[in-house]
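Everything below concerns the one structure shown next.
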Amino acid sequence: MPQAARVSRPRIVVLISGSGSNLQALIDSDDLGGDLVLVVSDRPAVAGLDRAGRAGIETATVAPDPEDSRAAWEMALVDTVAQANPDLVVLAGFMKILSGSFVNRWPTVNVHPSLLPAFPGAHAPEEAIAWGVKVSGVTVHFVDEQVDNGPIILQESVVVESGDTADTLHARIQTVEHRLLPQAIALICAGRTQRDGRHVRTQ
Ligand code: GRF
């Protein structure tokens, strides 16, 4: 996002699939430095849509049609997002994989419940417990064409306690997510991130 000439606040679209606790953390942040202009869910009637509605943010649902192709779904998603004219897209518990044509169109950020590149995919806390790691954590990263792969903006570790289950570990990870995601978005909105290949410098 070129910041030098920016006069207005960045417009942020958030994509969700479920409870939206990370969306809530963005809503509750006092110093995001950008405006949440639209929340889009790929699943109807999820709690995250209610959170957005209560905060007065416009919402949309773009659910896949079982009769139609994945490409048609993504095209509908792109149309919906484009209408909000975003500067930044945030995946906050969005469980669908997006193609290059989406993630190369808008800077897109994801929050993931592990220290990537360990445990990419949809079951990170379960896999961390099964592997027996002593430390897991949170990664906030730019999204590229591969799953949970893009340049890392912020990471923070979470210690795995003996007796942790996937649920107890995930709950502690989420408390860190709720701090780290708004922090990363605020850095981007303030023009305080610089991408250089895989490396993201923050100032
Ligand atoms: C979070 O743990 C996030 O890391 C993962 O999905 C979960 C979404 O939670 N990608 P919520 O919908 O924000 O509560």
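Output the residues belonging to region 85-99 that are surrounded by fewer than 17 Cβ atoms within 10 Å (Cβ to Cβ) and on the phi < 0 side of the Ramachandran plot. Let's see the steps before the verdict.
Step one: filter region 85-99 for residues surrounded by fewer than 17 Cβ atoms within 10 Å (Cβ to Cβ), giving 85, 95-97, 99.
Hits for region 85-99 are M95, K96, I97, S99.
Provide a single number: the residues in region 152-182 that are open to solvent by less than 60 Å² (accessible area, probe 1.4 Å), touching a strand residue (DSSP E or B) at 6+ places or on another chain (Cβ under 7 Å) and within 15 Å of the ligand (Cβ to nearest atom).
Count: 11.
Return the residues of region 59-84 that are in a helix (DSSP H, G or I) and closer than 25 Å to R11 by Cβ; say none if nothing qualifies.
The first filter runs over region 59-84 and keeps only residues in a helix (DSSP H, G or I), leaving 70-83.
Passing the criteria: W73, E74, M75, A76, L77, V78, D79, T80, V81, A82, Q83.
What pairs come out if I take residues in region 178-203 that are among the basic types (K, R) and pair them with residues that are crowded, with 20+ Cβ neighbours inside 10 Å whose C-beta lies under 8 Å away, six or more apart or interchain?
R179/A25; R195/F142; R201/T193
Which members of region 81-113 meet the condition of being of a type in the set (S, T, N, Q) and touching a Ser or Thr at 6+ places or on another chain (Cβ under 9 Å)? Working first, answer last.
Our first condition is that a residue be of a type in the set (S, T, N, Q); within region 81-113, this holds for 83, 85, 99, 101, 104, 108, 110.
Hit for region 81-113 is N110, nothing else.
List pairs: first residue in region 35-64 and farther than 16 Å from F94 by Cα, second residue among the acidic types (D, E) and open to solvent by 60 Å² or more (accessible area, probe 1.4 Å) anywhere in the structure, Cβ distance under 7 angstrom, at least six positions apart or on different chains.
V37/E58
Give region 12-50 a look and list any residue that's within 13 Å of the ligand (Cβ to nearest atom) and surrounded by fewer than 21 Cβ atoms within 10 Å (Cβ to Cβ), or say none. Walk me through it before giving the result.
Taking region 12-50 and keeping what is within 13 Å of the ligand (Cβ to nearest atom), we get 14-28, 39, 41-43, 46-50.
Selection gives S17, G18, S19, S21, Q24, I27, D28, D42, R43, V46, A47, D50.
Mind telling me which of the residues L116, L98 ends up being aliphatic (A, V, I, L, M) and either modelled with pLDDT under 95 or in contact with a His (Cβ under 8 Å, 6 or more places away or on another chain) (or both)? Step through it out loud before you land on a result.
Numbers: L98 fails: either modelled with pLDDT under 95 or in contact with a His (Cβ under 8 Å, 6 or more places away or on another chain) (or both).
Within the list L116, L98, the selection yields L116.
Can you list residue pairs whose Cβ atoms sit under 8 Å apart, with the first residue in region 1-25 being more than 22 Å from H178 (Cα to Cα) and of a type in the set (A, V, I, L, M, F, W, C) and the second being open to solvent by 20 Å² or more (accessible area, probe 1.4 Å) and modelled with pLDDT of 95 or more? Count only pairs 6 or more apart in sequence or on different chains.
If the second residue must be open to solvent by 20 Å² or more (accessible area, probe 1.4 Å) and modelled with pLDDT of 95 or more, the pairs left are M1/D87; M1/P107; M1/G191; A4/G191.
Exactly one condition in (1) within 16 Å of the ligand (Cβ to nearest atom); (2) part of a loop (DSSP other than H, G, I, E, B); (3) under 14 Å from V14 (Cα atoms) is false for I185; which is it?
Status for I185: all satisfied but (2).
The values are calculated or read from the model by the stated rules, or taken from the named source; none is laboratory data. Bear in mind that the values here come from a model prediction, so they are computed numbers and not experimental data. Neighbour counts run over all protein chains shown; Cβ positions are idealised from the backbone, glycine included. These accessible areas exclude ligands, DNA and RNA; they are computed on the full protein's heavy atoms, side chains included. Shrake-Rupley method; radii C 1.70, N 1.55, O 1.52, S 1.80 Å.
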